[in-house]
Amino acid sequence: MSSLAVRAVRITDWAREMARDALRFGVHRSFAIARSYYENIDLETMSQGFVPCYSDAELEDIEKEVAPLA
């Protein structure tokens, strides 16, 4: 593989790692903020993640409704 191709692969790997680290930091920060504001928050339930209770069509309708506010 040429050195240019190797550099391109390394750049994409580096960008992916930075994005993953930023996401991890954001999640940790969200938990810290939630814990500091709410004494009785259930962090175990919160750590299970977001489970959407809407269908894709319903989510699209919600996005259209709030788009002017964004």
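Each residue of the stretch 8-25 is assigned a 3J(HN,Hα), and the resulting list reads 4, 5, 5, 5, 5, 4, 5, 5, 4, 5, 5, 5, 5, 5, 5, 5, 4, 4 Hz, derived from the Karplus form 6.51 cos²θ - 1.76 cosθ + 1.60 (θ = phi - 60°), x at Gly and Pro. Scalar couplings 3J(HN,Hα) for the stretch 33-45, obtained by applying the Karplus form with A = 6.51, B = -1.76, C = 1.60 to θ = phi - 60°, are 5, 4, 5, 6, 9, 10, 5, 9, 6, 8, 5, 5, 5 Hz; x denotes Gly and Pro. Surface composition of the chain: carbon and sulfur atoms hold 59% of the protein heavy-atom accessible area at a 1.4 Å probe. Counting other C-beta atoms within 10 Å, and keeping those with at most 13, which DSSP coil GluC sites (Glu not before Pro) do you find in the stretch 30-70? Sites meeting the loop and neighbour criteria: GLU39. When shorter helices are ignored and each DSSP H run of at least 4 residues is given -39500 (n - 2.57), the per-residue value for the chain at 222 nm works out to -24000 deg cm²/dmol. Rounded, prolate or oblate: which one fits the chain, using the alpha carbon gyration tensor with axes a ≥ b ≥ c (rounded when a/c is under 1.5, else prolate when a/b beats b/c, else oblate)? It is oblate, given that a/c is not under 1.5 and a/b is not larger than b/c. Heavy atoms of the protein chains alone define the surface here; on that basis the chain has 97 Å² accessible area per residue at 1.4 Å probe size.
Between PHE25 and SER47, the C-beta separation translates, for a Förster distance of 22 Å, into a calculated FRET efficiency of about 0.90. Relative to the longest principal axis of the Cα atoms of the chain, the long axis of helix 56-66 makes an angle of roughly 80 degrees.
Projecting the Cα positions of GLY49, LEU23, SER3 onto the charge dipole of the chain (unit charges on Cβ atoms of Lys, Arg, Asp and Glu, taken about the Cα centre) puts SER3 furthest along the positive direction.
Dipole check for the chain: with +1 at the C-beta of Lys and Arg, -1 at the C-beta of Asp and Glu, and the Cα centre as origin, the magnitude is about 680 Debye.
The values are calculated or read from the model by the stated rules, or taken from the named source; none is laboratory data. For clarity, every value in this text was computed on a predicted model and none was experimentally measured. Every residue, glycine as well, gets a Cβ built from its backbone with ideal geometry; the counts of neighbours run over all protein chains shown. To get the accessible areas, we keep the full protein, side chains included, count just its heavy atoms, and leave off ligands, DNA and RNA. Shrake-Rupley method; radii C 1.70, N 1.55, O 1.52, S 1.80 Å.
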